[in-house]
Amino acid sequence: MIVIIDYGMGNLGSIRNMIRRMGGESVISHDENEIRGADKLILPGVGAFDHGMQKLHEMNIVPVLNEVVLEQKKPVLGICLGMQLLSNSSEEGELPGLGWIDSKTVKFSFDTDHQHLKIPHMGWNTVKVCQNSDLVDALGDEPRYYFVHSYHVVCQDPANELLKTEYGYEFVSGMYRDNIFGVQFHPEKSHKFGMQLFKNFIERV
């Protein structure tokens, strides 16, 4: 059973529908017992970094998440803001993140040749696989995903960089460490490429 963490920061139903479509079982919850009983977790999210961390702390979810992810080593997938919350901090706010992967979240900053690019980065873009991982196996030729974000993650260790995408410059669009994964895009809105990623998470991770 996959538990999709409900902390009021995302369209959780579309993620659950995609998991069901790919043959998985999931529940949307912030209940501590359900989180502890999960086989895998998904941390979704849209919105501001500090607001997301505030919600997690207000609902007292952080301790049980640390227990399940860091101690029990159950797989977790952060999506969009959920990926950014895996980092140590964000230029968008002042609160510390979960700090599960040594990284920081920064705002897009373009040189003079790319000042025409709009922020947020919105729409379809390709991703490049940087590391071998069951999560990104068999994504197909030039996998494309749907993005909506103004900030992106910078990993301190290149070994944590899973996917990269070009928008003005190359940025990390997927990262991982052991049982912890994050993607900046929305696989639940990315048709066949999103289906394959969820299939991998359900069956192989």
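None of the figures in this text is laboratory data; all of them are computed from the coordinates on show. Remember, it's a predicted structure, so these values are computed and weren't measured experimentally. Positions of Cβ are backbone-derived with ideal geometry, glycine not excepted, and every protein chain shown enters the neighbour counts.
Could you list which residues have their amide H under 5 Å from that of ILE28, counting only those 5 or more apart in sequence or on another chain, with H placed in the peptide plane?
Answer set, sorted by chain and number: ILE4.
Rg to Rh for segment 1-108: what is it, with Cα atoms only and Rh by Kirkwood? Please report the intermediate quantities before stating the final value.
On the way: Rg = 13.2 Å, Rh = 13.9 Å.
Ratio value, two decimals: 0.95.
Taking K and R as +1 and D and E as -1, what net charge do the other residues with C-beta under 13 Å from the C-beta of ILE61 add up to? The partial results should precede the final answer.
On the way: positive: ARG36, LYS55; negative: ASP6, ASP31, GLU32, GLU34, GLU58, GLU67.
Net charge in that neighbourhood comes out at -4.
Per residue and in cubic angstrom, what volume does the convex hull of the Cα atoms of segment 81-137 have?
Values: hull volume 7.9 nm³, N = 57.
Cα-based convex hull of segment 81-137, divided per residue, equals 139 Å³.
In what sequence do SER109, SER90 fall when counting other Cβ within 10 Å, fewest first? Show your work: numbers first, answer last.
Values: SER109 10, SER90 24.
Sorted ascending by nearby Cβ count, the order is SER109, SER90.
For segment 2-203, just the Cα set please: Rg and Dmax, both in angstrom.
That works out to 15.7, 52 Å for Rg and Dmax.
Restricting to the chain, compute how many DSSP beta bridges are antiparallel as a %, nearest 5. Intermediate values should be presented prior to the final figure.
Numbers: 24 of 40 bridges.
About 60 percent, rounded to the nearest 5.
So how do ARG204, ARG144 line up by other beta-carbon neighbours within 10 Å, fewest first? Display every interim value, and only then the final one.
Numbers: ARG204 12, ARG144 19.
So the residues, fewest neighbours to most, are ARG204, ARG144.
For the residue pair MET195 and VAL129, what label-to-label distance in nm results when each label sits 7 Å from Cα along the Cα-to-beta-carbon direction?
1.8 nm
With 10 angstrom as the radius, rank SER89, SER14, SER190 by how many other C-beta atoms surround their C-beta, starting from the fewest.
Details: SER89 18, SER14 15, SER190 22.
Lowest to highest Cβ neighbour count: SER14, SER89, SER190.
Which FRET efficiency, nearest 0.05, do ASP157 and GLU58 yield, Cβ-Cβ r, R0 22 Å?
0.10
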